1. Quick one: grab the alpha carbon gyration tensor of the chain, order the square roots of its eigenvalues as a ≥ b ≥ c, and give me rounded if a/c is under 1.5, else prolate or oblate depending on whether a/b is larger than b/c.
2. Ranked highest first by average number of other Cβ atoms within 10 Å, how do 273-281, 320-328, 133-141 line up?
3. Order of 244-250, 152-158 by packing, highest average Cβ count within 10 Å first?
4. Using the Cα gyration tensor of region 240-302, with a ≥ b ≥ c the square roots of its eigenvalues, what is the shape: rounded (a/c below 1.5), prolate (a/b larger than b/c) or oblate (neither)?
5. Under 8 Å for C-alpha pairs, at least 6 residues apart: give me the relative contact order for region 210-277, rounded to a whole percent.
6. Compare the peptides 170-176, 21-27 by average per-residue count of other Cβ atoms within 10 angstrom and give them in order, highest first.
7. Once each part is reduced to its C-alpha centroid, what is the distance from region 209-285 to region 1-78 in angstrom?
8. Residues with amide H under 5 Å of E176's amide H, sequence separation 5 or more or different chain, H placed in the peptide plane at 1.01 Å from N; which?
Amino acid sequence: MTKQTIFSGMQPSGKPHLGNYLGAIKNWASLQDEYNCIYCIVDLHSLTVRQNSAELRQNARNLLTLYIAAGLDAEKNIVYYQSHVPGHAQLAWILNCYTYMGELNRMTQFKEKSSKHAENINAGLFTYPVLMAADILLYQAGLVPVGDDQKQHLEICRDIAVRFNNIYGDTFTVPEAYIGKAGARIMSLQEPEKKMSKSDAGTENDLIYLLDEPKAVISKIKKAVTDSENQVRFAPEKPGIANLINIYCAVTKKTVPETEKEFENSGYGAFKTAVGECVAAELEPVRRRYEELTKDKAYIDSVIKNNAARANELAERTLKKVSKKVGLPLEI
Ligand code: ATP
Ligand code: LTN
């Protein structure tokens with residue numbers, strides 16, 4: 001039987017954090033043996049918010065290196081830049097013509113981002129979900145591992161795929177979201193009502209960066225906001241502790257009841273030390289491997305080039321099929 005295809009992506013804006021890792025990359029690595037996996041650096045999506053050009057280019061390379069450092073095998077999986085495969089933008093244009101303004105108007109991420117960037121509410125920000133749908137449908141992906149915040153985008157992608165298939169006959173695989181149980185929504189350490197976010201961080205202590213040194217990881221977790229009960233118990237009215245329990249479970253694969261039992265007789269101090277240590281131990285090998293990989297420029301260059309070629313080949317197949325269906329002229 002042929003393996004199902006998985007597609008996911010991350011924007012190269014800012015520095016990747018623990019939420020990106022536990023919500024996405026860690027799951028990606030666990031899927032690479034069972035599926036054909038395609039993991040993209042969605043640099044075109046990053047242009048929806050003003051970027052510094054040199055920084056964006058460097059961030060994209062850093063993120064690709066980090067994918068590999070976090071355990072994504074660059075031969076087994078396709079890891080590549082979205083902008084190296086023109087098919088994404090071409091398919092996005094076509095799909096724009098099969099997407100309604102009303103659907104896009106309902107997207108909560110658009111509403112949030114446009115209120116945050118009131119001076120630059122561009123058309124790209126509005127049609128962002130269509131480019132994301134094109135990313136996924138271009139590769140006929142069946143499964144899309146993402147954090148909880150992307151659910152709505154996955155739904156619109158499915159709606160577009162079904163609409164297109166209804167008009168033209170079976171063209172696209174209709175994808176499912178794959179959202180891990182623990183780690184799907186990691187919250188800010190200082191404001192645990194808000195998601196941990198690189199684009200919306202207040203202070204450095206809000207988030208743990210994937211490349212933070214162990215000392216910094218442990219110290220940020222020690223400073224995390226909690227409550228005065230001093231009882232390690234998962235409850236919505238205790239968002240700080242609930243977040244730390246969630247992080248602990250995502251890293252150790254333990255369940256919430258197991259964790260509550262384990263720390264039944266400890267206060268927050270001991271619990272925070274345990275969380276800090278397990279996160280630091282999880283991230284340290286990633287950080288070391290990243291340091292090694294950044295020294296090997298030729299290897300990273302070859303991954304970028306070879307994987308773009310592999311992705312282009314797959315993308316071309318879907319684009320040909322779509323062009324034919326919608327009535328664009330065929331190649332002579
Ligand atoms: P941010 O809001 O942090 O700037 P983002 O959500 O705009 O990031 P990406 O960097 O593209 O965008 O996110 C990459 C992946 O990380 C997505 O699958 C997303 O769902 C996941 N993710 C982002 N933040 C979190 C979080 N706090 N908890 C769990 N998963 C997250
Ligand atoms: N919108 C996503 C990033 C993203 C993506 C994708 C994720 C762009 N294209 C395709 C999965 C599949 C985000 O901001 N987290």
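1. prolate
2. Going by the mean number of other Cβ atoms within 10 Å, highest first, we get 133-141, 273-281, 320-328.
3. 244-250, 152-158
4. Taking the square roots of the gyration eigenvalues as a ≥ b ≥ c, region 240-302 is prolate.
5. Over region 210-277, the number comes to 41 percent.
6. 21-27, 170-176
7. If you average the Cα positions of each part, the centres end up 26 Å apart.
8. L143, V144
Every number in this text was worked out from the coordinates using simple rules, so none of it is lab data. Values in this document were obtained by computation on a predicted structure and should not be read as measured data. When we count neighbours, we look across all protein chains shown, and the Cβ atoms used for this are built from the backbone with ideal geometry, even at glycine.
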